[in-house]
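This report concerns only the one structure given below.
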Amino acid sequence: MKNVSFVLNGKRVSCEVQDRELLLHTLRERFSIKSVKEGCGIGECGTCTVLIDNEPHYSCLTLASKVNGHDVKTVEYLGDADHLHPLQKAFIESGAVQCGYCTPGMLLSAYSLLMKNGNPGENEIKEAISGNLCRCTGYIQIVEAIRDAAGLCKCKS
Amino acid sequence: MLPDFVSVNPETKEEALAFLDSIGDARVIAGGTDLLVNMKRGESCRNVVDIMNVEGLNRLSVNDGEIVIGSTVTHAAISTITILNDMARSLSAACGLIGSPQIRNMGTVGGNLVNASPAADSISPLLIHDAILSIESKDETREETLENFIIAPYETSLKPCELLTSVCIKALPGYREGYRRTAKRAAWAISRLSVAWAILEDEGRFVDVKLAIGSCTPMPFRPRSVEEFLRGRTKVDPTIGEAVVMVTEEIRKITGDRPSFAYKLPVVSDLVQKALRG
Ligand code: FES
Ligand code: FES
């Protein structure tokens, strides 16, 4: 077991983790953050995406012990049902959510992009979400949503 | 489910080397994008040395046209650092095509080399830059060319007690450089064929040509006879045509005829021809 301390969605946290524990399971089981989902488990689908130091990572291939001393963000950082982030609103308004399974990861990849680039072009948006698969929407609505949100939101680190 | 291993997270190189020396059967993990997938698929493992916190291994330094890339520098860093864009364009282009943004943020150049996949994007560009690897163990530091380091697909000369600490390449000023590949789709794909090149020309003549072909043979390789053939020749279509034929012959020499060549050889020919024409 190892003790890890990190910043989770803006709050300092610490916990004991197993040596072989994956960040995905730490977040879901120890912190009850169920928005981080396991799809493929081998780094191909993006449903387990979290931001580590504001960059997207696959939590299904990240040992929990690696985040010691780092900053971790999940979609809960963006907003909640009563206070949606402009990016979340744009997803809803553009019809970029159908089953919703990919959405938390998709939002985080988009958020990370907007933190670095307030006015991304279509290709930059597509590139930024290229590690997140969506089996429902066909992506067009997602790209539109991110473009619409770009003008509206301030993405803070 | 991952096997039940014990891990350590050393913070200095000396500590990491001491662990590797004393544990014996330890696996080194950096980004984890290859190793953890292999473990999930059943590869056994009892001890893990995580080198991602080791100070200095993620450093990149440039000195007098020589670039030293620490083994835990990520693909994302290589593809975005401006100085690499200027001094080793084929490498930064190749690393920008690896996997997905998430994989590039996690995966490292050292991991790509130690895993030694025939399709690893970073290998061909490093070959044309005559990469030399620094390999350390508790008692010894040695250097080895990348060409000698990879001895078979997924197999290198690295011993269990050794750690790949950095990769040194030379800038190729004046050369036009690039990397092209074909894959099933643009993002998140294993490259099916790739060509890296660095070409120096002067008044319509090839002064020096460096080529590396990836994913076609068990290991990415430099078609040296073709490079030799082109040296000093005028850049005209028949010469380029001849060089392209020579490349396909070299590939046949390495692997014999393969059913996939009906697809692969025309594609390689096209990629090489475009590279030479510029
Ligand atoms: S669950 Fe991590 S990428 Fe699919
Ligand atoms: S909305 Fe269903 S997978 Fe994207």
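The values are calculated or read from the model by the stated rules, or taken from the named source; none is laboratory data. Note that this is a predicted model, so its numbers are computed, not measured. With ideal geometry, Cβ positions are generated from the backbone for all residues, glycine too; neighbour counts draw on all protein chains shown. In case anyone asks, the SASA skips ligands and DNA or RNA and just uses the protein heavy atoms, side chains included. Shrake-Rupley method; radii C 1.70, N 1.55, O 1.52, S 1.80 Å.
Taking each DSSP H run with n ≥ 4 as -39500 (n - 2.57) and averaging over every residue of chain A yields -8000 deg cm²/dmol at 222 nm.
Kirkwood analysis of the Cα pair distances in segment B:87-163 returns a hydrodynamic radius of 13.2 Å.
In this structure, B:GLU11 and B:GLU143 have a Cβ-Cβ separation that, at R0 = 35 Å, corresponds to a calculated FRET efficiency of about 0.90. Against the empirical curve 2.2 N^0.38 Å, the C-alpha radius of gyration of segment B:192-277 lands at a ratio of 1.04.
Relative to the Cα centre, the charge distribution of chain B, modelled as +1 at Lys and Arg Cβ and -1 at Asp and Glu Cβ, gives a dipole magnitude of about 1300 debye.
Using heavy-atom solvent-accessible surface (probe 1.4 Å) with all chains present, what is the largest-first order of B:GLU155, A:GLU93? List each step's numbers first, then the result.
On the way: B:GLU155 95, A:GLU93 150 Å².
Of B:GLU155, A:GLU93, the descending order of accessible area is A:GLU93, B:GLU155.
The angle between the Cα long axis of helix B:13-23 and the main principal axis of chain B comes to about 70°, on a 0 to 90 degree scale.
Where a ≥ b ≥ c are the square roots of the eigenvalues of the C-alpha gyration tensor, would you call segment B:135-225 rounded, which needs a/c under 1.5, or, failing that, prolate if a/b is larger than b/c, or oblate? Because a/c hits 1.5 or more and a/b fails to exceed b/c, segment B:135-225 counts as oblate.
Given the DSSP H assignment, sum -39500 (n - 2.57) over each helix run of at least 4 residues in chain B and divide by its residue total; what's the result at 222 nm in deg cm²/dmol, nearest 500? Taking each H run of at least 4 residues, the total per residue is -10000 deg cm²/dmol.
Burial here means at least 30 square angstrom less accessible surface with every protein chain in place than with the chain by itself, probed at 1.4 Å; in segment A:118-133 the buried residues are A:GLU127, A:SER130. Among B:ILE251, B:ILE150, B:ILE213, the largest mean-square fluctuation in a Gaussian network model of chain B, built with springs joining Cα atoms closer than 10 Å, belongs to B:ILE251.
Protein-only accessible surface at a 1.4 angstrom probe places the residues A:HIS70, B:HIS75 in the order A:HIS70, B:HIS75, largest first.
Loop-only GluC sites (Glu not before Pro) in segment A:1-42, please: DSSP not H, G, I, E or B, and at most 16 other Cβ atoms within 10 Å. Don't skip to the end; give the middle numbers.
On the way: sites: A:GLU16, A:GLU21, A:GLU29, A:GLU38; in loops: A:GLU21, A:GLU38.
Of the GluC sites (Glu not before Pro), the ones in loops of segment A:1-42 whose Cβ has at most 16 other Cβ atoms within 10 Å are A:GLU38.
What whole-number volume per residue, in cubic angstrom, does the convex hull of the C-alpha atoms of segment B:6-50 give? Walk me through the intermediate numbers first.
Working: hull volume 2.8 nm³, N = 45.
Normalising the Cα hull of segment B:6-50 by residue number yields 61 Å³.
Relative to the Cα centre, the charge distribution of segment A:1-108, modelled as +1 at Lys and Arg Cβ and -1 at Asp and Glu Cβ, gives a dipole magnitude of about 180 debye. Counting only aspartates and glutamates at least 8 places from A:LYS89 when in the same chain, those with an alpha carbon closer than 20 Å to its own are A:GLU76, A:ASP80, A:GLU122, A:GLU144, A:ASP148.
Wrap a convex hull around the Cα atoms of chain A, take a quarter of its surface area, and give that in square nanometres.
Working: hull surface 33.6 nm².
Mean orientational projected area (chain A, Cα hull): 8.4 nm².
About the Cα centre of segment B:192-277, what is the dipole size in debye to 20, counting +1 per Lys and Arg Cβ and -1 per Asp and Glu Cβ, all else neutral? With Lys and Arg at +1 and Asp and Glu at -1, about 300 debye. In vacuum, with every alpha carbon of the protein assembly as shown counted as one equal point scatterer, what does the Debye formula give for log10 I(q)/I(0) at q = 0.06, 0.10, 0.11 Å⁻¹? Two decimals, please. Log10 I(q)/I(0), no solvent term: -0.27, -0.75, -0.90. Applying D = kT/(6 pi eta Rh) to segment A:86-152, where Rh is the Kirkwood radius over alpha-carbon pairs, T corresponds to 20 °C and eta to 1.002 mPa s, the Stokes-Einstein value obtained is 188 µm²/s. Ordered from largest to smallest accessible area (heavy atoms of protein chains, 1.4 Å probe), the residues A:THR47, B:THR234, B:THR141 come out as B:THR141, B:THR234, A:THR47. Taking chain B as the region of interest, the number of lysine pairs whose Cα atoms are within less than 19 Å, with members eight or more places apart or on different chains, is 10.
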